[in-house]
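One structure is given here, and the rest of the page talks about it.
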Amino acid sequence: MQRNIVLLLFLTFISVGGQAQQSPNSITISGTVIDQDSGQPLEYATFVLQEAGNPDKVTGGITDLDGNFEIETAPGQYNIRVEYISYKTYSLNNQSYTSSTNLGNIILAPDVAQLQEVEVVGEKTTVEVRLDKKIYNIGKDITTSGGNVSDALNNIPSVSVDVEGGISLRGNENVRILINGKPSALAGFGSTDVLQQLPADAIEKVEVITSPSARYDAEGTAGILNIVLKKEKTLGINGSVNATVGYPFNARATTNFNLRTDKFNIFNTLGYFHRESPGNGYSDNTYSQGEFDRIIEDRDISRNDDGFNLNIGMEYFLTEKSSITGSFFYRISDENDLTENDNQRFTNATLASRTFRTEDQGEDDSSYQYSFNYTNNINDDGHKLTADFQYSYDDESILTVIQENNTVPNTDLLALENIYEDQTQDDILAQVDYVLPIGDAQFEAGYRGTFEKEVNDYQLDQFNLDTEEFETNTDLTNIFTYHENVNAVYTQYGNKFGKFSFLAGLRLENTEMRGGVDSDIDSEALQEILGEDVDLNFDKKYLGLFPTINLIYEFGENQNLSLGYNRRINRPRGWFINPFPSRSSRTNVFQGNPDLDPAFANAFDLGYLKRWSKLTFTSSIYYQRETNSFERIQEETGEVTSDGIRIIRSIPINLSTNERIGAEAGMLYNPTKWMRLNGSFNFFRFTSDGTFNGVNFGAENTSWFARFSSKFTLPAKIDFQANSFYMGPRQNAQTDTKGMFSLNLAMSKDLFKDNATISLNVSDVFNSRRRQSFTETQFFTSDSEFQWRVRQVNLSLIYRFNQPKERRQRGDRNGGDDDMEGEGQFQG
């Protein structure tokens, strides 16, 4: 291995030196090195050219990022050798070359005998920069062992996960979440809750796509996060068993099984979890009007959730070039959340009354998804056709019981409500993609259709204290049905001219948003609740063009500059446009806005990458201008509860514009084999303006977040890791939020000849992951603190059978997602 590295450095030197002087009588020998299994180019493979009559005279070079090599030499008789770490050497002896020759594709096969000698890429977290994205290959992150996908995402540069599990990209929440390149039931339907149920160790890599090409959905003005799940390629039977137990009590068990032959590949994942996640909250509210001028709320939250998921599928190889894959995903969960709220109500600084409110929510959720894929790798040059069909269904049944009792000055029942919600969603996806290489260039075209139906059945029953019976509130009970259909076609073209690469594309999307309400409320009462101009039965259509262009200039093999532009759309989800109010308590309601229109954004991104032998540095400057941007505001409803508390409404609106500018930088540093350091910093500023109901909701905000991770290999093969994160202060139109710091610690050790690994980790060591904010409006202020989950300690054990812990990188240069392979040729 050391000999290969020395030879690689030597050939790099002589190939760079050889480019400086060119003989007029010289010829060139060129070709492309390909991985036998994946058909993908191998970068940094070594090409050796040895004179047959003088074996001591050696020249050569290394392949570039597309697997290509080109060596200048004099005409003559040569021995050829192509080497790549952990692959069998390719040799040709006594070859005569009298003119420039292209050897075509040279296919290398893996050398199983060398695997134990390879320094494993899979142990490290590495970054790859492409024309339209950054790919973070998730290494052995022991701080998320036993955790979920949301925990893992919180360690990815540019990404932040708030205390409630909300995911942001560069501080912007309008991010599209994909699984293996597609919308999926595994990622949830418009919610990130499901990501908290999937294990973190299922992830192979995460693609941060801040300048998406035309191949991707135009949805998500912040960009796209594509979560690529692990896919075993090892022949034979292999798998793993992973068990976790933690405090506060949680338990998880996951099994992975894979059977691969030359003709088919059967894969299966089975998982169960039980989680108890206590949290808490506190708020001090003051009111300018009403019976009380101050209300203090102290909340304790307990969660008791159980879930089961199954993923099974088979890939059948029709020929050496083509295959069909079918898979089935099923998930059920039983979630029970209890919030206990102690309310102290003051009038002129004197305690006037005290109540105790409980909000007991039970949710039964089931999802399933059928996926089918056809892939035809027409040739080894990247000529490819893929077709996908996917059907997903989700059903959530929720019962929330809200009970409030007076405790001071007397004890009696104040209110009792039952809220019944049944939410179902059907999703159909159909997609075809075609990739045609044209020499060094590449043409691509495709179609994607997504058809979504969402039904929300909402019923509110209130206890009548006089009759001591429940009565249905017909003013709020309703069934809201929402359809969103998107048909899209795209084309894109990429090419490379020397050190300059580009990928330009155009996507056409036709969006239909159709909604309807079934309710017994009369029109006059409806106007009082919703407003006179609200259209309950709407049918809106939008036809949009979304151009993208991404450029890269390579200063050298380890340094490049990139520039990207794209236009994006942010469509409101169904619950954002459902006009009927739903309540989280008697005093706070959320109401959708059916007049909400999609937001559109134009974004620019300028990036720089530099690699040294032990250090990788990435940076970018970005700018985005969004029109019709969404803002969630709070306002008075004009109503009060029976005990004199003003009811506040939250509603999403279209603000006129939102401008965002920022810069980020990240580094991966491996000074020694036993130490790895990883850090990133993101600074951004946004300005929004707009009015609603005569109130100006414009705001300016400057904020930043940073993370730092360090990992050390101690004696006795013990790994220690520390991950820290800080979110800086931020503001919006009505709320200022303080900065927040958290620290995770972990250690692990390999057992049983590296077939097993035991890990102990502590999440949020200082129990400091709390959101502290201050909200001020014309009618009230709120000083609040909220903690979604308290400090967590997990102990995990994973056992692998016929599955090496250390996996080499095998030329899968397109992010590990077969659906994305067409874009791999144009990268930096």
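From least to most packed, judged by other beta carbons within 10 angstrom and beginning with the fewest, 388, 750 follow the order 750, 388.
Each of 432, 695, 82 was scored by other Cβ atoms within 10 Å of its Cβ. Arranged with the fewest first, they read 695, 432, 82. Residues of region 401-439 with the amide nitrogen closer than 13 Å to a label point 7 Å from the Cα of residue 391, along Cα-to-Cβ, please. Answer for region 401-439: 426-430.
Once both labels are positioned 7 Å from their Cα atoms along Cα-to-Cβ, the gap between residue 781 and residue 336 label points is 4.1 nm.
Among the lysines, which have Cα under 24 Å from the Cα of residue 453 when same-chain residues fewer than 8 positions away are ignored? Of all the lysines, those that pass the test against residue 453 - Cα under 24 Å, at least 8 places apart if same chain - are 182, 540, 541. Among the GluC sites (Glu not before Pro) in region 443-489, those placed in a DSSP loop whose Cβ has at most 14 other Cβ atoms within 10 Å are 468. Ordering 675, 727 from the fewest to the most neighbouring beta carbons within 10 Å gives 675, 727.
Shape verdict for region 236-823, please, from the Cα gyration tensor: rounded (a/c under 1.5), prolate (a/b greater than b/c) or oblate. It comes out prolate by the Cα gyration axes.
Taken together, the values in this text are just the output of simple stated rules run on the coordinates, not laboratory data. Quick caveat, the model's predicted, so the values are computed rather than measured. Methodologically, a virtual Cβ is constructed for each residue, glycine included, from the backbone with ideal geometry; neighbour enumeration extends over all protein chains shown.
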